[in-house]
């Protein structure tokens, strides 16, 4: 099993990796499919199903599909160009993707929200159709956005196709138990094994440059979030709070007036800054998803700013370790809120951050596994119930608490010797079983929980 660090941490745009990034990438994939067709295409239609329909407007899915069909990609997203492209498509009712000429696509008619017919393989399904001059369907493809910006075709998901990069990796652990066993035999850390696996596909210089780029985007996102003010889009009139709290914390610093627990405010504010940016549609890094993108960067920044032994030279080890844990959760359970609730998003993020922090603070591989398990265990059963389908309430604060739990989990693990009662593998299995048993109304549909019990207008 190999899920690359650079798949777990992808640069993209808010507010949702599965509902914004994934559909944009699916649209881009369909354009590529159209370029290979042996016949002329005159127009395109897109149909959103399941969770993508129910919370699509709040998550910007409609916007993402339009921009994807217009040729934009998450990693190179630029807000001004996106707004111009969106306005042009809506005004003219056509798209002009490279190599395909002018195609009819009027969003009001050709972007359909199908609330009644979920697609069978995953809650986040969308279909694209190519139309001839008469408006008849001459090609159709179904894609599934399976969480964290990962997109699979219907055929690939149905066949269980492994989309991981091909190559013989030296440490192919499929479970935490195998990870512990391989570490014991090799004498390597989790980060050391993960780096060795990445070397099959990239040089050390490329790995280091990629990790540096990930942290740069995370750091820049934190900084923007700590200084931006005003209301978030979407109609809930939620005010950004990170900048005001940060300003107050800076003013209190050094005055010896704060209680020790105020360190939690520092941690949660960093996470909230990222998720306020995500809610505003800014550039973020999936960690492992957009909805949970604040946890890992907040814990890294906390470590760098507040832990005396912290060293930026160990940032790569933090990210590699976190990615290894995220890969196990994705491979053996889910990182999709639409599939398994928020336990699969913020829970996974907290486990990743706890493992990374434990590793860079000198934890053994057993302690790292323990830290991840503690953090994940205490998110089990968490629902995904965004008010009005927006990634704002309760998502922004939830990232703050996920970061605090990650730090506490790492600290508890470091106080022990790595021996513990519940294995991480059992916790991951429980996550998936709980997700399967969870009512659909608690899985990113905005049909239950806070989404129906809190006035949202």
Under 11 Å from the 7 Å Cα→Cβ point of residue 108, by amide nitrogen: which residues of the range 122-141?
none
Report the Cα centroid-to-centroid distance between the range 69-112 and the range 247-271 in angstrom, as an integer.
44 Å
With an 8 Å cut-off on Cα pairs and a minimum separation of 6 or more residues, tell me the relative contact order of the range 5-159 in percent.
34 percent
DSSP beta bridges in the chain: the antiparallel percent, rounded to 5, is 80 percent
Area projected by the alpha carbon convex hull of the range 5-159, averaged over all directions, nm²:
9.1 nm²
Taking only Cα atoms, what is the 0 to 90° angle, nearest 10, from helix 242-252's long axis to the longest principal axis of the chain?
20 degrees
Given a Förster distance of 30 Å, report the FRET efficiency between residue 421 and residue 306 from their Cβ-Cβ distance, rounded to the nearest 0.05.
0.50
Scoring the range 145-257 by relative contact order with C-alpha pairs under 8 Å, at least six apart, yields a percentage of 14 percent
Classify the range 91-204 as rounded, prolate or oblate from the Cα gyration tensor: take a ≥ b ≥ c as the square roots of its eigenvalues, call it rounded if a/c is under 1.5, otherwise prolate when a/b beats b/c and oblate if not.
prolate
Sorted from fewest to most neighbouring beta carbons within 10 Å, what does the list 330, 429, 45 look like?
429, 45, 330
Under a plain spin-label model, where a point goes 7 Å from the Cα along Cα-to-Cβ, how far apart in nm are residue 313 and residue 203?
2.2 nm
With the 8 Å Cα cutoff and a minimum separation of six or more residues, the chain has a relative contact order in percent of 18 percent
Highest first, please rank the peptides 76-83, 58-65, 374-381 by the mean number of other Cβ atoms sitting within 10 Å of their residues.
58-65, 374-381, 76-83
Applying 1/(1 + (r/R0)^6) with R0 = 25 Å to the Cβ-Cβ distance of residue 452 and residue 380, what FRET efficiency is obtained, to the nearest 0.05?
0.65
For a label point 7 Å from the Cα of residue 252 along Cα→C-beta, name the residues of the range 294-308 whose backbone N is under 19 Å from it.
299, 302-303, 305-307
Whether the chain is rounded, prolate or oblate, judged on the alpha carbon gyration tensor where a/c under 1.5 counts as rounded:
prolate
Order the peptides 205-212, 221-228 from the highest to the lowest mean number of other Cβ atoms within 10 Å of their residues.
221-228, 205-212
Please give the helix 204-225 orientation as an angle from the longest Cα principal axis of the chain, in degrees from 0 to 90, rounded to the nearest 10.
80 degrees
Cα axis of helix 365-377 to longest principal axis of the chain: angle in degrees, 0 to 90, nearest 10?
60 degrees
Taking square-rooted eigenvalues a ≥ b ≥ c of the alpha carbon gyration tensor, is the range 261-359 rounded, prolate or oblate, where a/c under 1.5 means rounded and, failing that, a/b exceeding b/c means prolate?
oblate
The exposure ranking of 204, 110, fewest beta-carbon neighbours within 10 Å first, is 204, 110
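Since every read-out is calculated from the coordinates, none of them should be taken as a lab result. Computed from a predicted structure; not experimentally measured. With ideal geometry, Cβ positions are generated from the backbone for all residues, glycine too; neighbour counts draw on all protein chains shown.
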